[in-house]
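What follows is a single structure, written as structure tokens, with notes after it.
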Amino acid sequence: MGIFGALTTAVTGLRAQSFALENISGNIANSQTTAFKRVDTSFEDLIPDNIPSKQLAGNVVANSRMTNTVQGDIQVSQVGTFMAINGDGFFAVQKPSGFADNQPVFDGIELYTRRGDFQPDKNGFLVNGAGYYLMGIDVDPTTGNLAGSVPELLQFDNGFLPAQPTTQVQYEANLAAYPRTPAHDTAIPGSELLDPADYTVNPTAAGAGTVIGTDQATFLDNSIGGGAVTAYDVSGAPVNLQLRWAKIDSTTVGGDNTWNLFYQVDAGATGAAVAWQNADVDYDFEPNGQMSPPALTSVTLTGVTVNGVSLGNISLQHGASGLTQFADTNGNVQVNALQQNGFAAGVLQSVTVSDKGRVVGSYSNGRTVDLAEITLAKFNGPNGLKRIDGGAFMVTEESGQPTYSGSGKIVGSSLEGSNTDIADEFTKLIVTQQAYSANTRVISTGNQMVQDLLNMLR
């Protein structure tokens, strides 16, 4: 069956090259499709069973060879919710099976894609250009820790971020060795110091006391500003927390370098009303400018009330060497860090994706809060995934089940391009065309040989 076998083999060759041509055509057509993975063609020979001396070249069959692990170029985008994966891994997504009352209805089937052109829809879901809804793990806005371990559909509504009262203030500063207070006189030793007799003293604690309204002018003349920060009460109402430093002892007068910190209680205090409150701590400094003892890294202000607004207890965090006393020609307090952890309530205005793979919400109160973390699915056999419309994939026995341990990194405000190389596809197109033409020549030749055989019998 030599001639007829050759005709059959040539037909399988035509079929195989047609299959390859279809893959090439699809690759070229999707050369601009986001995160498209080209499909290459592999050819397999089919050898009829026979003894070695009688074996034939055999037929051919074409199969698809996936390139799901071949990454496309990463391109920068101006859309904050677009993202690309640099390395291995897939986004976990779902596609709705329908809609009810303008809300998507899901069947719970998890799919996977590298197409990262996600944008918020009217319901607060992140949906890519092919209609797939992003999955991830919610983040606790207070602690910043993951609120679960299993990816779920991400939905961000326009609800409020509850107010958080100020409980901690990070405060780092350098206090001028010689404070140039309004009342200082370099010719008079100790004129830069505040005499505790100038304000009401609580005798039960060293350095403890308050400055009342009638003593306020003297206090301001013998102290220097230490900065101010906006704090928030439990309802989120802003309060201006003013700080002020007064040096109460110095080595220049035979004592120690000792400071007291005050915060303003009532900006309009008069008479016996309390205007400033001492933090009830003596800050002592060595001649080298470092605190003594160095273990004084934090101080708690108890029952803080400013202008009638209660803030409760506030912890001042100075750090190991956050407070120093070095010479300063200006004689002022140089504030190096002054920030607090409270904020007012706010409404979600926009979401973006960070390079850490987290969805970040921006609120009307100026806060940015991590809302969710995007988990990447990893497969032992990623080229065994089943392709479906829109650049998505389904799990198969060949791919194995996903594990959420992908080592790929998410790149925010970026998109992965198609991994199709037009020049390479054109080269394969020429080779495929020539192979197809060669197979047609085999059929033409076989046909001529059969015609010759029939003519001989006539």
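Every read-out reported here was derived from the displayed coordinates using simple, explicitly stated rules and does not represent laboratory data. Quantities reported herein were computed from a predicted structural model and do not represent experimental measurements. Because the Cβ atoms are built from the backbone with ideal geometry, glycine has one as well, and the counts that use them run over all protein chains shown.
With contacts taken as Cα pairs under 8 Å and at least 6 residues apart, segment 168-340 reaches a relative contact order of 33 percent.
Averaging the Cα positions of each part gives two centres, and for segment 301-325 and segment 9-76 these lie 71 Å apart. Extension gain for Ala147-Ser97 works out to 15.3 nm (0.36 nm per residue, less the C-alpha to C-alpha distance). Ranked by the mean number of other Cβ atoms within 10 Å of their residues, highest first, the peptides 268-275, 62-69 come out as 62-69, 268-275.
Converting phi to 3J(HN,Hα) with the Karplus coefficients 6.51, -1.76 and 1.60 and the offset θ = phi - 60°, segment 245-256 yields 10, 9, 8, 10, 7, 8, 5, 5, 10, x, x, 10 Hz in sequence order, with x at every glycine or proline.
Only the Cβ atoms of Lys and Arg (+1) and of Asp and Glu (-1) were treated as charged; on that basis the dipole of the chain about its Cα centre amounts to roughly 2280 debye. Computed extension gain for Gln434 through Thr329, at 0.36 nm per residue and net of the alpha carbon distance, reaches 29.2 nm.
Using Cβ point charges alone (K and R +1, D and E -1), the dipole size of segment 168-340 about the Cα centre works out to roughly 340 debye.
Rounded to the nearest 10 degrees, the angle from helix 422-457 to the longest Cα principal axis of the chain is 10 degrees. Footprinting exposure proxy ranking of Met456, Met135, Met83, fewest other C-beta atoms within 10 angstrom first, gives Met456, Met135, Met83. Taking each DSSP H run with n ≥ 4 as -39500 (n - 2.57) and averaging over every residue of the chain yields -5500 deg cm²/dmol at 222 nm.
Among 389-395, 109-115, sorting by the average number of other beta carbon atoms lying within 10 angstrom of each residue, highest first, gives 109-115, 389-395.
Rounded to 0.05, the FRET efficiency of the Ala320 and Val61 pair, given R0 = 60 Å and the Cβ-Cβ distance, is 0.25. Residue-wise HN-Hα couplings along segment 322-327, as the Karplus relation 6.51 cos²θ - 1.76 cosθ + 1.60 with θ = phi - 60° gives them from phi, are x, 10, 9, 10, 10, 4 Hz; Gly and Pro carry x. With unit charges on the beta carbons (Lys and Arg positive, Asp and Glu negative) and the dipole taken about the Cα centre of the chain, which residue among Met394, Val60, Gly226 sits farthest to the positive side? The one lying farthest along the dipole's positive direction is Val60.
Scoring 326-339, 6-19 by mean Cβ neighbours within 10 Å over their residues and listing the highest first yields 6-19, 326-339.
Projecting the Cα atoms of Val93, Ala183, Tyr171 onto the charge dipole of the chain, computed from C-beta unit charges around the Cα centre, puts Val93 farthest toward the positive end. Under a 5 Å amide H cut-off, with hydrogens placed 1.01 Å from N, Val265 pairs with Trp276, Gln277 among residues at least 5 apart or on other chains. Counted residue by residue at 0.36 nm each, then reduced by the alpha carbon distance between them, the extension gain from Thr445 to Lys54 reaches 138.5 nm. Helix 2-29 axis versus longest C-alpha principal axis of the chain: approximately 20°, rounded to the nearest ten. Across segment 378-458, the mean sequence separation of Cα contacts (distance under 8 Å, 6 or more residues apart), normalised by length, yields a relative contact order of 19 percent.
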